[in-house]
Amino acid sequence: MQQIIQDIESRFTITDKETRRNDLCFLTVDKLQAISLVTYLRDYQGYASLTLLTAVDWIEEGNFQLTYLLNNPSTRTEIGVRTMIDRENATMESTHHLWENIQTYQRELKEMFGIDFPGSPRIDEDFILEGWDNIPPYRRDFDTKKYSEETYFPRPGRETNDPSTYMKSKLYPND
Amino acid sequence: MDYSITKFLWTLLGLFIVTNWGMLMSSTIRRIGARVSGRIGIPWYQPWVDLTKLYSLKSQVSHGTMFYLGPVFRLMGGVGLFLFLPMIFGSWHWSNYSFSGDLVLILYFQLFGMLGMALGAGEGGHPYSTIGVSRGLAQFTTIEVPMTLAVISIAIQYHTLSISQIVAAQQGGFFTWTVWTNPFATGAAMLSLLGAFGHSPFNLIQAPNEIPIGPPTEYHGVFLGFLRTNNAILHVAEAALFMNLFFGGATNWIELIVKTFLIYFWSVFVGMVFPRFRIEQSVRWFLKIPTLLGILAIVIFL
Amino acid sequence: MEKENKPQDIPVVKTKNFIAPENEKRTVTAPDGSLIEVDPINDYFCQERPEEYKVKSGAVEKFLNWARAESLWVLGFGTGCGSIEIPPLVTPRFDMYRYGVQMRPTPRQSNVFIISGYLSVKTLKRAIRSYEQMPSPKYVIGLGSCTINGGMYWDSYNTINRLDHYLPVDVYIAGCMPRPEALLAGFAKLKELIKAGKAEKANEYIRNLDWYKANQKKIIKDWNMPDYNW
């Protein structure tokens, strides 16, 4: 694992490195280098299997963080490649030529975060939200509670309690 | 009263008895199946309740004339099989409309309902119906091969095409039944019977958890009630046919009920034990041992 | 061995269109060469409004209600986590067959629709289609608190909160998740209602069809089916 990471560091500019376990490590690279890094990992280091592609919304920094989690079936190690992309006009190069199953992840990210992957097959088709006309719901500026209350006829009479104080008052009323 | 009207009324009474016995048999068999897997199973009267409910439902949609006629044809297949089959040997009341060449007609009626159902289900337009129909016709064609060979063998053996005469020839006692005098034909026919009843391993036509229910996917309410009524009649009538051909016929209703139950139970017993075949497996299966037995049965009596 | 990955053909970018491609209005060439205009939504789907089924009176209706109650055919359609509570019902421990409850694979042959848990908008569309294809009289059981008030998904952007705004519900079974015993109790309650002649929500659905359809169309934005799915 360390050998591979040194190999990568000699070829790419790793801005951040985080080793979680002996078999799991996250590398952050620039957006321009991300595709070549995953291609390098897939073709030369045996990380041929894509576990997932996911995104995190860092709204304060104005960024989306994309994570390509790659798995090496022979050594049973995983490397996550992270990259930051701009929140406005969020686009990323499509990697459907490397893994065919990434099309589905890219469709999902397009729908849930509004991250575009130009050229990815069926990217414009509805995935789960058929006919969605609001801002993408996984963006953190989307108020899901407000939307739900406006749309789905909430049943009146629901009480919300903070679990810890509520249980405390129920179980130890004298304290 | 006029001869023909009396005859008709007796036949109608026979049809009524056979329908009810068929439903009781199906619920009994399902209860036995439930006990095998450790359950209690449906109440014995469940088929009648289901039928009442089905006939009272509002029909939802039409897919055209043939869609209506499919279940009617299917029901005609079962009723036709019953009409030309002597149920009780030596009884004028229960011999229905059997005549000297009824064996050939009955072979035809076995396929008639299937073809009607194919047309109706095709009009239904559901893809699973079409898949079920194509599988059913493929399988039924191969079921007919050993069945027909066995029937030809019996016709050669007894020099007749009349079921009544075949039954009459077996009346000498237990060891004059065809199952002892012509075991190969019996073997071929009993193996093809497994497919005709459509229990596992040959239930890919309706395969409830693969193609939802096969040909009757679009059928509901009254149409489904027709199909269920037909199933009750058809199962008893086919079992009675085999009883007449191979197991000495019946001289009273008790004998008929016991024998048809045992013949039907044979297919259920096999179904409880063996898992489902794929269609090409079942087609190959019918064309191997059952067909070989059928050819052997003919060769012996030539 | 390296598997050759060739980039796929660049797909045609489709505009947002709520009619499925096979249902679009188009012109086809018949085998004899003549051109035929095809409009599948209008040609293949019935646009009629549904009618209420007639409730017979007296002993006949009582007898039919008894038969309907004793023969509940459940549609095998699991919508949420509750669908995992239905398979145990056919096992020896619970055995719903002894109460006359059976599973059917197609909506055409079933009477009871169990909405088993949370219902996302995408599934709601399929649930409506399945419900409307069932022959009347038909019954809906709402399983779990998600169907009652949204349950733990009450503030989700994609799951409905109250099932009775979209489909007429006969029996609710509360809990998260209710055990199979609770489902059996729900069936018993439904039988009681049917035998008393109170489970006629299918007619109510048709009487208030406009209200239900307005609610359904409010959240199903890509309404690409006929108003009533026969």
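Okay, here's what the table says:
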quantity: Hits in the range C:165-194 - residues which are assigned to a loop (DSSP other than H, G, I, E, B), touching an Asp or Glu at 6+ places or on another chain (Cβ under 8 Å) and open to solvent by less than 60 Å² (accessible area, probe 1.4 Å); calculated: C:Pro168, C:Met177, C:Pro178
quantity: Residue list for the range A:130-154, restricted to those being part of a loop (DSSP other than H, G, I, E, B) and among the hydroxyl-bearing types (Ser, Thr, Tyr); calculated: A:Tyr138, A:Tyr152
quantity: The range C:126-146 residues that are within 11 Å of another protein chain (Cβ to nearest Cβ) and without any contact (Cβ under 8 Å) to a residue 60 or more places away in the chain, paired with ones that are hydroxyl-bearing (Ser, Thr, Tyr) and not in a strand (DSSP E or B) (beta carbon under 9 Å, 6 or more apart); calculated: C:Arg126/C:Thr79; C:Met134/C:Ser110; C:Pro135/B:Ser59; C:Pro135/C:Tyr53; C:Pro135/C:Ser110
quantity: Matching option when the condition is touching a residue at least 24 places away in the same chain (Cβ under 8 Å), within 14 Å of chain C (Cβ to nearest Cβ) and either aliphatic (A, V, I, L, M) or closer than 20 Å to B:Val167 by Cα (or both), among B:Leu241, B:Leu245, B:Leu224, B:Leu256; calculated: B:Leu224
quantity: From A:Arg140, A:Arg122, residue being facing chain C (nearest Cβ under 7 Å), among the basic types (Lys, Arg) and open to solvent by 60 Å² or more (accessible area, probe 1.4 Å); calculated: A:Arg122
quantity: Every residue from the range A:100-113 that is crowded, with 19+ Cβ neighbours inside 10 Å and not in a helix (DSSP H, G or I); calculated: A:Phe113
quantity: Segments classed as helices (runs of 4 or more DSSP H), wholly inside the range B:23-127, with at least 1 members that are of a type in the set (A, V, I, L, M), closer than 30 Å to B:Gln170 by Cα and more than 14 Å from every other protein chain (Cβ to nearest Cβ); calculated: B:65-83, B:102-124
quantity: Filter result for the condition that a residue is on the phi < 0 side of the Ramachandran plot, touching a residue at least 60 places away in the same chain (Cβ under 8 Å), assigned to a strand (DSSP E or B) and in contact with a Lys or Arg (Cβ under 6 Å, 6 or more places away or on another chain), over A:Asp16, A:Asp57; calculated: A:Asp57
quantity: Qualifying residue in the range A:81-91 (condition: within 14 Å of chain C (Cβ to nearest Cβ), assigned to a loop (DSSP other than H, G, I, E, B) and more than 22 Å from C:Tyr157 (Cα to Cα)); calculated: no
quantity: Answer residue from the range C:195-230, given it is acidic (Asp, Glu) and more than 14 Å from chain A (Cβ to nearest Cβ) and is most open to solvent (accessible area, probe 1.4 Å) among those; calculated: C:Asp210
quantity: Candidates A:Glu159, A:Glu150 - the one that is more than 8 Å from chain C (Cβ to nearest Cβ), under 18 Å from C:Leu119 (Cα atoms) and not small (Gly, Ala, Ser); calculated: A:Glu150
quantity: Residues satisfying the stated conditions in the range C:83-117, i.e. under 15 Å from the mean Cα position of the chain (by Cα) and more than 10 Å from every other protein chain (Cβ to nearest Cβ); calculated: C:Ser83, C:Val112, C:Phe113, C:Ile114, C:Ile115, C:Ser116, C:Gly117
quantity: Check on C:Gln133, surrounded by fewer than 21 Cβ atoms within 10 Å (Cβ to Cβ) and in contact with a Pro (Cβ under 8 Å, 6 or more places away or on another chain); calculated: yes
quantity: Set B:Gly132, B:Gly78, B:Gly120: member being within 30 Å of B:Tyr3 (Cα to Cα) and modelled with pLDDT of 80 or more; calculated: B:Gly78
quantity: Members of the range C:62-108 that are touching a Phe, Trp or Tyr at 6+ places or on another chain (Cβ under 8 Å), hydroxyl-bearing (Ser, Thr, Tyr) and open to solvent by less than 30 Å² (accessible area, probe 1.4 Å); calculated: C:Thr79
quantity: Output for the range A:146-175, where each listed residue is under 29 Å from the mean Cα position of the chain (by Cα) and either open to solvent by less than 90 Å² (accessible area, probe 1.4 Å) or under 19 Å from C:Leu163 (Cβ atoms) (or both); calculated: A:Tyr147, A:Ser148, A:Glu149, A:Glu150, A:Thr151, A:Tyr152
quantity: Cβ-Cβ under 6 Å pairs, at least 6 apart or on other chains, the range B:108-125 side free of Cβ contacts under 8 Å to residues at least 60 places away in the same chain, far side open to solvent by 30 Å² or more (accessible area, probe 1.4 Å) and of a type in the set (Phe, Trp, Tyr); calculated: B:Gly116/B:Phe73
quantity: Some residue of the range C:28-46 being assigned to a loop (DSSP other than H, G, I, E, B), within 14 Å of chain B (Cβ to nearest Cβ) and of a type in the set (D, E, K, R); calculated: no
quantity: Among residues of the range C:113-127, those that are in contact with a strand residue (DSSP E or B) (Cβ under 6 Å, 6 or more places away or on another chain), surrounded by fewer than 24 Cβ atoms within 10 Å (Cβ to Cβ) and within 26 Å of B:Pro216 (Cα to Cα), counted; calculated: 1
quantity: Which listed residue is touching a residue at least 24 places away in the same chain (Cβ under 8 Å) and either in a helix (DSSP H, G or I) or over 16 Å from the mean Cα position of the chain (by Cα) (or both), from A:Thr39, A:Thr28; calculated: A:Thr39
quantity: B:Phe197 vs. criteria in contact with a helix residue (DSSP H, G or I) (Cβ under 7 Å, 6 or more places away or on another chain), open to solvent by less than 60 Å² (accessible area, probe 1.4 Å) and within 14 Å of chain C (Cβ to nearest Cβ); calculated: no
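The values are calculated or read from the model by the stated rules, or taken from the named source; none is laboratory data. Fair warning: this is a prediction, and the values are worked out from it, not measured in the lab. Neighbour counts run over all protein chains shown; Cβ positions are idealised from the backbone, glycine included. Note: accessible area is taken over every heavy atom of the protein model, side chains too, but ligands, DNA and RNA are not part of it. Shrake-Rupley method; radii C 1.70, N 1.55, O 1.52, S 1.80 Å.
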